[in-house]
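Visitor: The structure's right below; bear with me while I get my questions together.
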Amino acid sequence: MKTRILSLIAGTLLSSGAAHAASLEVKVTNLTQGIYFTPILISAHTKDAMLFNVGDTASDELEAMAEGGSLDGLNTILTGINANTALNPAGGLLAPVTSTTTNLETTDGNDKLSIVAMMLPTNDGFIGLNSWQIPTEAGTYHVYLNAYDAGTEANDELVVDGSGAPDVPGIPASPGVAPGTNGSGVTADEANDMIHIHRGNLGDDNATGGSSDLHNTVHRWLNPVAKVTITVK
């Protein structure tokens, strides 16, 4: 059974030990060579809420984000718990070696910061910051993000434009350098179906065949894949 995306304890949204409200500037930089980030979700929430847990099964809402870039399910839940959320600050895809910046006003108790976005082209890869403690002291802080695998889809590395639906195999889009064609598929199943560090795209050098539709000179990466700069005012 899938775990719920955000575990809440009734009555703790405004706990007595919660941090004060804060004004934040959050900058996200894509550190990769050829990977794009889908619309980014940045949210300040309580300590009792988490977007994901490494080693756990992905929720339906996280799966929808990791496989198709949809933020609807996550945003609905965050809105329901009075989280402070910024959606899609880049106004679309965040290209390699580019940045996007947004301001976020947090309310009392929302002292944890989380960030997610799907990585394209991947089957179910995403960038993730999970419940990072927002400092109470003014200043500028830097956090580096790893790439995670949602564990919900085999990394076949086959581009099927327009798929993107949960439980439908294939990469929904490959922005930037055009993908290859007629790949046979890197794999049809995965041993690890929990959220874990992504092994990275493998790719190959065959543009009209091979195992992968991705290019081994463009679509591979090493962690970290993103840099977040948080300025507490």
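Visitor: Would you say Thr107 is part of a strand (DSSP E or B) and touching a residue at least 12 places away in the same chain (Cβ under 8 Å)? Break it down stepwise before answering.
Guide: Values: part of a strand (DSSP E or B): no; touching a residue at least 12 places away in the same chain (Cβ under 8 Å): yes.
Considered against the rule, which asks whether it is part of a strand (DSSP E or B) and touching a residue at least 12 places away in the same chain (Cβ under 8 Å), Thr107 comes out as no.
Visitor: Please pick out the residue among Thr217, Thr187, Thr229, Thr208 that is modelled with pLDDT of 95 or more, surrounded by fewer than 17 Cβ atoms within 10 Å (Cβ to Cβ) and touching a strand residue (DSSP E or B) at 6+ places or on another chain (Cβ under 7 Å).
Guide: On the way: Thr217 fails: touching a strand residue (DSSP E or B) at 6+ places or on another chain (Cβ under 7 Å); Thr187 fails: touching a strand residue (DSSP E or B) at 6+ places or on another chain (Cβ under 7 Å); Thr208 fails: touching a strand residue (DSSP E or B) at 6+ places or on another chain (Cβ under 7 Å).
On inspection, the qualifying residue turns out to be Thr229.
Visitor: With the structure loaded, tell me whether Pro135 is farther than 24 Å from Asp213 by Cβ and either among the small types (Gly, Ala, Ser) or out of contact with any helix residue (DSSP H, G or I) (no Cβ under 6 Å at 6 or more places or on another chain) (or both) or whether it fails that test. Spell out the reasoning first.
Guide: On the way: farther than 24 Å from Asp213 by Cβ: yes; either among the small types (Gly, Ala, Ser) or out of contact with any helix residue (DSSP H, G or I) (no Cβ under 6 Å at 6 or more places or on another chain) (or both): yes.
Yes.
Visitor: Checking Ala147 against (1) modelled with pLDDT of 95 or more; (2) surrounded by fewer than 16 Cβ atoms within 10 Å (Cβ to Cβ); (3) farther than 22 Å from Glu25 by Cβ, which test does it fail?
Guide: With (1) modelled with pLDDT of 95 or more; (2) surrounded by fewer than 16 Cβ atoms within 10 Å (Cβ to Cβ); (3) farther than 22 Å from Glu25 by Cβ applied to Ala147, the lone miss is (2).
Visitor: Now, a different point. Need the failing condition index for Ala178 against (1) free of Cβ contacts under 8 Å to residues at least 12 places away in the same chain; (2) in contact with a helix residue (DSSP H, G or I) (Cβ under 7 Å, 6 or more places away or on another chain), just the number.
Guide: With (1) free of Cβ contacts under 8 Å to residues at least 12 places away in the same chain; (2) in contact with a helix residue (DSSP H, G or I) (Cβ under 7 Å, 6 or more places away or on another chain) applied to Ala178, the lone miss is (2).
Visitor: Would you mind finding the one in Lys2, Lys27 that is modelled with pLDDT of 95 or more and basic (Lys, Arg)? Show your work before the answer.
Guide: Working: Lys2 fails: modelled with pLDDT of 95 or more.
Of Lys2, Lys27, the one residue that is modelled with pLDDT of 95 or more and basic (Lys, Arg) is Lys27.
Visitor: Could you tell me how many of the residues in the stretch 53-93 are part of a loop (DSSP other than H, G, I, E, B), surrounded by fewer than 18 Cβ atoms within 10 Å (Cβ to Cβ) and among the hydroxyl-bearing types (Ser, Thr, Tyr)?
Guide: 1
Visitor: Identify, please: which residue in the stretch 198-233 is among the hydroxyl-bearing types (Ser, Thr, Tyr) and within 22 Å of the chain's Cα centre (by Cα) and is, among those, farthest from Thr136 (Cα to Cα)?
Guide: Looking only at the stretch 198-233, we keep the residues that are among the hydroxyl-bearing types (Ser, Thr, Tyr), and these are 208, 211-212, 217, 229, 231.
Now narrow it down to the ones that are within 22 Å of the chain's Cα centre (by Cα): 229, 231.
Numbers: Thr229: 15, Thr231: 11 Å.
Residue satisfying both the conditions and the ranking: Thr229.
Visitor: Looking at (1) more than 13 Å from the chain's Cα centre (by Cα); (2) modelled with pLDDT of 95 or more, which one does Ala19 not meet, given that it meets all the others?
Guide: For Ala19, the failing item is (2).
Visitor: For Ile42, are the conditions met, namely being under 16 Å from the mean Cα position of the chain (by Cα) and closer than 29 Å to Gly203 by Cα? Spell out the reasoning first.
Guide: Details: under 16 Å from the mean Cα position of the chain (by Cα): yes; closer than 29 Å to Gly203 by Cα: no.
Here the answer is no, as Ile42 does not meet what is asked.
Visitor: Kindly check whether there is at least one residue in the stretch 154-163 that is at pLDDT below 95 and on the phi > 0 side of the Ramachandran plot.
Guide: Yes, that holds for at least one residue.
Visitor: So, one more: Looking at the stretch 176-192 only, could you name the residues that are of a type in the set (A, V, I, L, M) and under 12 Å from Asp213 (Cα atoms)? Quick ask: steps written out before the conclusion?
Guide: First, pick out the residues of the stretch 176-192 that are of a type in the set (A, V, I, L, M): 177-178, 186, 188, 191.
Across the stretch 176-192, the qualifying residues are Val177, Ala178, Val186.
The values are calculated or read from the model by the stated rules, or taken from the named source; none is laboratory data. Bear in mind the structure is a predicted one, so any value in this text is a computation, not a measurement. Counting neighbours? That spans all protein chains shown, and the Cβs are built from the backbone with ideal geometry, glycine included.
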